[in-house]
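Here is the structure we will look at.
Only the coordinates and a few stated rules stand behind these numbers; no lab work does. The shown structure was predicted, so the numbers you read here are calculated from the model rather than taken from an experiment. Neighbour counts run over all protein chains shown; Cβ positions are idealised from the backbone, glycine included.
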Amino acid sequence: MRYEAPDTIKAAVGLLSKAKGTSRILAGGTDLLVQMRSGMIEPDLVVDIKSIPGMREIVAEKGGYRIGAAVSGAELEEHGKVGKMWPGVVEATNLIGSTQIQGRATMVGNLCNASPAADSVPAMIAAGATARVVGPKRTRDVPVEDIAKAPGKTSLAKGEFVASIFLPKAPARTGSAYLRFIPRTEMDIAVVGAGIALTVNAKGVITAAKVSLGAVAARALVVDACAKAIIGSSLDDEALDRLAAAASAAAKPISDKRGTVDFRIKVAGVLARRAAVIAYDRARG
Amino acid sequence: MPLDANTPDLRTEFKSVGTRPNRPDGVDKVTGRARFGADFALPGQLTGLILRSPHAHAKIKSIDTSAAEALPGVKAVITYKDIPEQEGCDKDVLVNIMARGTALYDGHAVAAVAAVDASVARKALKLIKVDYKVLKHVTDVDEAMKPDAPVLHPGRFDPVDFSTLENAAHVSGKEERKTATPAHSNIAGRYVFGHGDPDKGFKQADVIVEHEFKTEATHQGYIEPHACTASVSSDGMAELWVCTQGPFMVRDVCASLLGMDVSRLRVTPSEIGGGFGGKTTVFIEPVALALSRKAGKPVKVVMSRSEVFRATGPTSSASMWVKIGAKKDGTFVAADAVLKYQGGAFPGSPVEMGAMCAFACYDLKNVRIVGYDVVTNRPKQAAYRAPGAPMSAFAVEGVIGEIADKLGMDAIDIRLKNAAKEGTVSSYGPTFGPVGLVETLEAAKAHKNYKVKLGKNQGRGVASGFWFNFAGNTCVSINLNVDGTLALALGTVDIGGSRASMCLMAAEELGISYEDVRAVIADTSSLGYNDISEGSRVTFSSGLATIKAVRDLKVRMCGRAAKIWGIPEDAVKWENGAAHPAGSNAGNFPPLSIKEIAAQASATGGPLAGHYEINAEGAGPSFATHVCDVEVDPDTGAMKVLRYLVVQDAGKAIHPSYVEGQFQGGAVQGIGWVLNEEYFYGKDGTLQNAGFLDYRVPVCSDVPMIDTVIVEVPNPGHPYGVRGVGETSIVPPLACVANAVSSAIGVRARTLPMSPPRVLAALEGVAASKA
Amino acid sequence: MLKVKLGGTLVNKAGGRTEFEVEGANIMQMLRNLGRTCPELEPMLQKGVSVAVDGQIYRDAMLQPLGPENEIILLPRMAGG
Amino acid sequence: MSAVHVSTNINGDDVEFVCRPDESLLDVLRDRLGMTGSKEGCGTGDCGACSVELDGRLVCSCLVMGAEVGGHKIETIEGMAQGDKLHPLQQKFLEHAALQCGICTPGFLVAARNLLERNNDPTETEVRYWLAGNLCRCTGYDKIVRAVLDTAKDMRKSAAKSSAKKPAAKKKAAPKKTAKKGARHAA
């Protein structure tokens, strides 16, 4: 195993493209080191991207924010402005693991680990975030929902990695929220997660919405039926019932050590409803 | 005048005892200096790793270690062949530390390597080729008792006539029970306790409640994984540094497994990072010694967390049936129970103790408990804090909660009405001496927590619990230093601050300051045999021996004073840290302080020391009553513990902070057991949650402050009245929380853990039945 | 004569008998005589039992004196956590 | 496996070491540098016994590669006391009997110090959530939380005393995660 810490994207891409065997990106390392430790993977090359300029920065761009791949959850929270614009995303990211994990874990790592239960992913999807993928051939911007394919599998090609996440400017009167269910109060992987972003008009009628569910399928789901259920409403009880029903209907979970099929289906609806209420309140200020 | 070391004397007034000084090992522990199991290192040591079975049950057809042995840096590879069976050794322990022909559970050790570093050792493990033939497996206790279950130890246990199993209908209601008797079974033992005639008793009952209950296995979850460093020389002399609750046990068991003379093996216990019963046996220790013997170098073996979960002892899972009958006024007239505990791949589940504890809190004229010890393809169970008692208490206290509800009685009143007290013939046989259950119930009832008004979706639960407490072999030495301070050598490992308690008792007995006594945990070559730090025995037994050793020293010091003064020895008494002339000589000489005696020791006959060796008895049981408030989220089944109160009889609290700590720690372990902790097996019989991420012990934000009340009903078996306190605190919480949930949302969860999916499913069941 | 009651597994081993009368001035003598009276119990007694004397449980104290006035109950050997 | 040469700073001292890339910072601290105060309870970031500060940030040293700490600043439990003077948290842990076996204690102390440096007036809930990544199996957390709250109280008192002389030190960003995490139960 080789450890490299290149200081340009080009050098990193070069290392990854030429690498034989398994290679892995090191940013926060909170998934990578666990997988190495358990013997799940034995990478031949680890590329630490933290020395590359920009990787640990959050910069304003087109009214939104570009967040470097190595920005930790704690750094994202302390930035303040991102959380003001997209509270759902920042809160979701801050739910990952303990204080200690927050000191290291990144949104991009959470995304590229491709766990269906990744907390930040439904929130990013709801916010309309894109991932900037760099690679040997070109740089491309990809909607976050198109990165993970299946548990542990991404759409990234050899030599490619995600260099940053872009959160677009939130339209006026937009609110976002993410809620997850875990058996304890902390330190668990989401049994169900629900991310939502919605925009209201001056009268409080929802004009746009995006809802994403985590841990209820092989990857985070975008549930258009949930959005439809509340667009045009003022989030009255009927709209919330429709939303919950749509979320439960979209959930196609499995039973495992973390939860059962029935539980996940029911709670997907409960969380979608609760997250929508929070997002709606935030949208209305 | 305590000149006779054996003078019984129940002290009731104290100067040092009952205060809360800082512990003597404290600074080392807050600065990172304290040395735990994995903190030892020897020059030239190798890293030992163990290869474990990936199958729940498999025949080991062959093991090929040649490729691993050929890897540069590998110094030894061992299998069971390197640990030949010795006459008189414990065969189950031998088989458990290294599989012999059959892997009996996921994680069962199969081979081990010692290499120059961890990286090489990991590679070597991968080069060992094991040819397995996978066998059918069984991990559930009820499944394992069926006639057609895969049998773990063919021919070992007596054939069972399944048609005669108690309460077969309740136990599983399956027709196959009535099929012909098979030749072999997984039932390792059947135990019966009780007295009177329950069948007659139930006829007098106005209300009868009976239910089945299940609990899943939980792990002690100590934060420090097992670790040891072994060094065996070519002349057979061996040393072992190890985190264990019982260094003498480790020495004797390892010597017996490896065919060594006990005198050749010296075991030094490290500081221990939690045990809770889980470190009362051996796992890696004999393996490390065997590796070191073969490699001719020191070998350090440290378990990973996943190894701890897969291969060390969790407690039993249980399947139980309990029936209690009561009169309208709440008097229990009969009680009956069937308990089935699986103890993993070997006999020895704590079902007997579970059976004995089940109804121990109550005065019952007609009671019967039947217990079954069952083997399954799981790791060999190890003791876990009050082994066996929390499960049976969960079932019994749950039924009592339901009876109280049916009768409209207060949960504490119904327990007070039936509480065991001095003179009660216990459900397991003996008659109780002075015990404190009634006092704990009264204190709980008077506590402010019992009066807090509850809101929506909130509920309150009550449960009581019992534990025997044990004593056992104990040796203590106390040496008077030249300056009058003292060195106290103990043979019981300090798991939770016991050195502080011993220093307090020594200081109390001598009438000197706590700071003048330094307690150390001795190695196995420095003291006589000491039993394991288990069974809530340390403060009782080592405390007793410390007091007696100090009395022995006092006799000797008074003797020196008598010689110095030229008066008879029995004319000297010890008071406030000094020898005083007494009787007709009173006032004739100024007292000789301990410092003065120490300074003259050399000139008056030599060093002064006291010691005491005993197989202590008389530990005295401890009862507890817990009260818990919870709030349940009816939409998700999530549960929050709002308040938690532990009231327990400590006999006499030597260091009240550490007594409270035992109460609080036990309660939170119990809360973890009821809420989320469980051994989760896949269909293939492999453990799915062998890590702290998915084996969910309570985290700091899961629990509230744990309120405590220390009740003190002195134990006549101890000079200061001490009762053990370590274990009882984990007995009531399972039922206490379950009863609270029932009062909050009307759902009686009888299967643990009451994880949110189970609670939610139960809630929906209730809603459906109402609709 | 000592009156000795049995509990737990021991009852099974003794063929269902729950009470014995044996001679003995201490636990060791009592157990020895019990083993002679009921040889089926011998293996269990060899393995070790706990003896409750007037409610107090003894695991090893073989020389604990016994008299006819004592309540004596044999229990399985126990250990804690 | 090619070894990596690393120059770093631990508890204020410049330190150099060589490690394999598969070694964690915890492995390096314990096995290469003899600093065994940080403990390995799980090796997967789930217990917090190996907590250290990396550039002032609380992390699990088992989830940091030894190879990547070059040029960074590390603070471990060994650097917490100043000479023979215990840190106030260490003192309070002793007084409150906030440890039983003591294996989790170094991790709790490092994590609690990191909290109090950011926020010297945390609520009980904030303390509990901040420390949720540190497992303790002995104490039930009660006495640990009390010790941290009591230390904070003393720190505020002494801060108030010193601020009478000079302007109050500005709080670092306060941990805000609690309120949001509590939202899980919000209806």
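Details
- Spread of Cα-to-Cα distances over 20 Å intervals beginning at zero, given as percent, for the protein assembly as shown: 10, 38, 37, 13, 2, 0
- By the beta-carbon count within 10 Å of each Cβ, the least crowded to most crowded order of B:280, D:125, B:728, fewest first, is D:125, B:280, B:728.
- 5 angstrom amide H check on residue C:71, placed H, neighbours 5+ away: C:54
- Length, then width, then depth: along the principal axes, the Cα atoms of the stretch A:51-167 run 35, 30, 28 Å.
- Cα gyration tensor shape of chain B, rounded if a/c is under 1.5, else prolate or oblate by comparing a/b with b/c: oblate
- Annotation: amide H of residue A:192 within the under-5 Å range of A:181, sequence separation 5 or more or interchain, hydrogens built in the peptide plane.
- Stokes-Einstein diffusion coefficient of the stretch D:4-79, Kirkwood radius over Cα pairs, 10 °C, 1.306 mPa s, in µm²/s: 134
- What the phi angles of the stretch D:65-76 give under the Karplus curve with 6.51, -1.76 and 1.60, with θ = phi - 60°, is a coupling list of 7, x, 5, 9, 9, x, x, 9, 10, 10, 10, 10 Hz, glycine and proline written as x.
- Histogrammed with a bin width of 10 Å, the alpha carbon distances of the stretch A:35-103 distribute as 18, 40, 29, 11, 1 percent, first bin at zero.
- Two-decimal Rg to Rh for the stretch A:174-283 - Kirkwood Rh, Cα set: 0.98
- Hull shadow area, averaged, chain D [alpha-carbon convex hull, nm²]: 12.7
- Considering only A:44, A:224, A:141, the mean-square fluctuation computed in a Gaussian network model of chain A, springs between alpha carbons under 10 angstrom, is largest for A:44.
- Pairs of Cα atoms nearer than 8 Å and 6+ residues apart set the relative contact order; for the stretch A:51-167 it is 26 percent.
- Inter-site label distance for residue B:158 and residue C:64 at 7 Å from Cα along Cβ, in nm: 2.7
- Annotation note: trypsin sites (Lys or Arg not before Pro) in the stretch B:659-755 located in DSSP loop regions with a Cβ neighbour count of at most 12 within 10 Å are B:683.
- Centroid-to-centroid, using Cα positions, the stretch C:15-34 and the stretch B:620-692 are 41 Å apart.
- Cα gyration tensor category, rounded, prolate or oblate, for the stretch C:2-76 with a/c compared to 1.5: rounded
- Amide H partners (placed H, <5 Å) of residue B:681, local residues excluded: B:688
- For the stretch B:569-586, 3J(HN,Hα) per residue [Karplus equation, 6.51 cos²θ - 1.76 cosθ + 1.60, θ = phi - 60°, Hz, x = Gly/Pro]: 4, 7, 9, 10, 10, 9, 8, 6, x, 8, 7, 10, x, 10, x, 5, 8, 3
- The protection proxy used here, the mean number of other Cβ atoms lying within 10 Å of each residue, ranks peptides B:529-539, B:224-234 as follows, highest first: B:529-539, B:224-234.
- Counting every other Cβ atom within 10 Å of each residue's Cβ, A:99, D:36, B:751 order from fewest to most as B:751, D:36, A:99.
- Take every pair of alpha-carbon atoms less than 8 Å apart whose residues are at least six positions apart; their mean separation over the length of the stretch D:4-79 yields a relative contact order of 40 percent.
- As a calculated quantity, the FRET efficiency between residue A:139 and residue D:157 at R0 = 60 Å, using C-beta atoms, amounts to about 0.60.
- ³J(HN,Hα), Karplus 6.51/-1.76/1.60, whole Hz, each residue of the stretch B:625-637, x for Gly, Pro: 10, 10, 10, 9, 10, 10, 10, 10, 7, x, 8, 10, x
- At q = 0.12, 0.15, 0.25, 0.28 Å⁻¹ the log10 of I(q)/I(0) for the stretch B:492-566 amounts to -0.38, -0.57, -1.20, -1.34, computed by Debye summation with a single uniform scatterer per C-alpha, solvent ignored.
- Footprinting exposure proxy for D:109, C:10 (fewest neighbouring C-beta atoms within 10 Å first): C:10, D:109
- Working note: Cα gyration tensor of chain A, eigenvalues times five, square-rooted, sorted largest first, giving semi-axes of 32, 21, 15 Å.
- For chain B, the relative contact order comes to 16 percent (Cα pairs under 8 Å, sequence separation of at least 6).
- Placing +1 on each Lys and Arg Cβ and -1 on each Asp and Glu Cβ, with no other charges, gives the protein assembly as shown a dipole about its Cα centre of roughly 4060 debye.
- Per residue, the convex hull spanned by the Cα atoms of the stretch B:661-763 measures out at 154 cubic angstrom.
- Förster radius 25 Å - calculated FRET efficiency between residue C:18 and residue B:421, Cβ distance, rounded to 0.05: 0.50
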